[in-house]
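**Student:** Take a look at this one; I'll ask things after.
The values are calculated or read from the model by the stated rules, or taken from the named source; none is laboratory data. What you see is a predicted model, and the numbers here were worked out from it, not measured in a lab. Glycine gets a Cβ as well: all are built from the backbone with ideal geometry, and neighbour counts include every protein chain shown. These accessible areas exclude ligands, DNA and RNA; they are computed on the full protein's heavy atoms, side chains included. Shrake-Rupley method; radii C 1.70, N 1.55, O 1.52, S 1.80 Å.
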Amino acid sequence: AQSVTQPDIHITVSEGASLELRCNYSYGATPYLFWYVQSPGQGLQLLLKYFSGDTLVQGIKGFEAEFKRSQSSFNLRKPSVHWSDAAEYFCAVFIQGAQKLVFGQGTRLTINP
Amino acid sequence: GAVVSQHPSRVICKSGTSVKIECRSLDFQATTMFWYRQFPKQSLMLMATSNEGSKATYEQGVEKDKFLINHASLTLSTLTVTSAHPEDSSFYICSANTWAGGPDTQYFGPGTRLTVL
């Protein structure tokens with residue numbers, strides 16, 4: 001079955017430190033992958049997406065993600081986090097047959113000053 | 001571009017009443033709209049997919065008579081929670097895309113917080 005796993009429910013990092021949020025997917029075909037961010041009480045904002053081509057994808061707010069087919073992963077990274085990055089982050093894979101997104105459980109990011 | 005709005009942003013209603021939530025794509029035509037439900041500190045669960053002019057497709061376990069979805073135009077979809085009960089209290093989020101047979105980005109609305117007393 002198609003699924004997305006975000007192993008880390010909650011991550012805390014210091015402001016200015018680097019960040020990596022993990023995402024693993026299970027999908028038989030070519031995956032179309034997304035990272036979204038959700039601030040408290042808000043909808044989701046697209047950070048970046050991977051459809052094909054260069055496996056290192058640049059997104060908004062200084063985020064990037066790398067698609068690794070061999071590891072079925074699409075980890076999100078940022079070299080230096082800001083306090084405003086505190087939010088919930090969701091990884092998702094698009095299921096072509098069902099034409100819908102399947103989300104991971106989400107990772108809550110807390111930033112220490 | 002690609003803005004999706006929802007109205008209302010929050011609503012409180014009495015048990016047994018019905019509540020309508022609107023989802024609009026403001027600057028693009030959405031061939032497909034999606035309705036999600038999100039419980040506190042949990043992920044988004046897809047409730048249904050609606051295509052303009054046709055009946056919505058509901059996910060397994062979602063009561064179609066409870067959650068009525070209408071996609072009347074390419075820019076508007078509505079979700080009506082009928083005879084709402086406290087267990088229907090949740091955060092409802094819609095999204096829209098210009099699906100045309102291939103992968104596309106879903107653009108999400110800001111969500112509607114429903115509280116049923």
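**Student:** Would you point out the residue of segment B:8-30, among those that are open to solvent by less than 50 Å² (accessible area, probe 1.4 Å) and under 23 Å from A:Trp35 (Cα atoms), that is nearest to the other protein chains (Cβ to nearest Cβ)? Spell out how you get there, then give the answer.
**Tutor:** Restricting attention to segment B:8-30, the residues satisfying the condition of being open to solvent by less than 50 Å² (accessible area, probe 1.4 Å) are B:8, B:11, B:13, B:16, B:19, B:21, B:23, B:25, B:28, B:30.
This time we only want the ones that are under 23 Å from A:Trp35 (Cα atoms), so: B:23, B:25, B:28, B:30.
Details: B:Cys23: 10, B:Ser25: 13, B:Phe28: 14, B:Ala30: 14 Å.
The selected residue is B:Cys23.
**Student:** Among the candidates A:Val57, A:Val4, which residue alone is more than 30 Å from B:Pro8 (Cβ to Cβ), under 12 Å from the mean Cα position of the chain (by Cα), open to solvent by less than 50 Å² (accessible area, probe 1.4 Å) and without any contact (Cβ under 8 Å) to a residue 12 or more places away in the chain? Please lay out each step first, then the result.
**Tutor:** Details: A:Val4 fails: without any contact (Cβ under 8 Å) to a residue 12 or more places away in the chain.
None of the others qualify; the one that does is A:Val57.
**Student:** Within segment B:93-106, identify whether any single residue is in contact (Cβ under 8 Å) with a residue 24 or more places away in the chain and farther than 19 Å from A:Gln99 by Cβ, and answer yes or no.
**Tutor:** no
**Student:** Now for a separate question. Please pick out the residue among A:Ser84, A:Ser52, A:Ser39, A:Ser73 that is away from chain B (no Cβ under 14 Å), among the small types (Gly, Ala, Ser) and surrounded by fewer than 16 Cβ atoms within 10 Å (Cβ to Cβ). Write out each step before concluding.
**Tutor:** Working: A:Ser52 fails: away from chain B (no Cβ under 14 Å); A:Ser39 fails: away from chain B (no Cβ under 14 Å); A:Ser73 fails: surrounded by fewer than 16 Cβ atoms within 10 Å (Cβ to Cβ).
That would be A:Ser84, the only listed residue that is away from chain B (no Cβ under 14 Å), among the small types (Gly, Ala, Ser) and surrounded by fewer than 16 Cβ atoms within 10 Å (Cβ to Cβ).
**Student:** crowded, with 20+ Cβ neighbours inside 10 Å and either of a type in the set (Gly, Ala, Ser) or farther than 21 Å from A:Val4 by Cβ (or both): is that true of B:Ala56 in this structure? Give the derivation first.
**Tutor:** Numbers: crowded, with 20+ Cβ neighbours inside 10 Å: yes; either of a type in the set (Gly, Ala, Ser) or farther than 21 Å from A:Val4 by Cβ (or both): yes.
Against the criterion (crowded, with 20+ Cβ neighbours inside 10 Å and either of a type in the set (Gly, Ala, Ser) or farther than 21 Å from A:Val4 by Cβ (or both)), B:Ala56 qualifies.
**Student:** Follow-up question, since we're still on this one. Determine if segment A:46-53 includes at least one residue that is under 22 Å from B:Tyr36 (Cα atoms), small (Gly, Ala, Ser) and at pLDDT below 95.
**Tutor:** Going residue by residue through segment A:46-53, those that are under 22 Å from B:Tyr36 (Cα atoms) are A:46-49.
Now drop any that are not small (Gly, Ala, Ser), which leaves none.
No, because not a single residue in segment A:46-53 is under 22 Å from B:Tyr36 (Cα atoms), small (Gly, Ala, Ser) and at pLDDT below 95.
**Student:** Moving on. Any chance you could count how many residues in segment A:8-36 are open to solvent by 40 Å² or more (accessible area, probe 1.4 Å), outside any strand (DSSP E or B), closer than 25 Å to A:Gln96 by Cβ and at pLDDT 90 or above?
**Tutor:** 1
**Student:** Looking at B:His85, is it over 30 Å from A:Thr107 (Cβ atoms) and at pLDDT 95 or above?
**Tutor:** Yes.
**Student:** Can I ask one more? How about segment B:1-23: which of its residues are part of a strand (DSSP E or B), at pLDDT 95 or above and in contact with a Ser or Thr (Cβ under 6 Å, 6 or more places away or on another chain)?
**Tutor:** B:Gln6, B:Ile12, B:Lys20, B:Ile21, B:Glu22, B:Cys23
**Student:** Follow-up. Looking at segment B:32-44, which of its residues are among the aliphatic types (A, V, I, L, M) and at the interface with chain A (Cβ under 8 Å from one of its Cβ atoms)? Outline the logic, then answer.
**Tutor:** In the first step, residues of segment B:32-44 are kept if they are among the aliphatic types (A, V, I, L, M); the result is B:33, B:44.
Matches in segment B:32-44: B:Leu44 only.
**Student:** Working only within segment B:67-111, note down all residues that are more than 14 Å from chain A (Cβ to nearest Cβ), surrounded by fewer than 16 Cβ atoms within 10 Å (Cβ to Cβ) and assigned to a loop (DSSP other than H, G, I, E, B).
**Tutor:** Within segment B:67-111, B:Thr82, B:Ser83, B:His85 qualify.
**Student:** Return a yes/no flag: does segment A:54-66 have any residue that is among the β-branched types (Val, Ile, Thr) and under 12 Å from A:Leu19 (Cα atoms).
**Tutor:** Scanning segment A:54-66 turns up no residue that is among the β-branched types (Val, Ile, Thr) and under 12 Å from A:Leu19 (Cα atoms).
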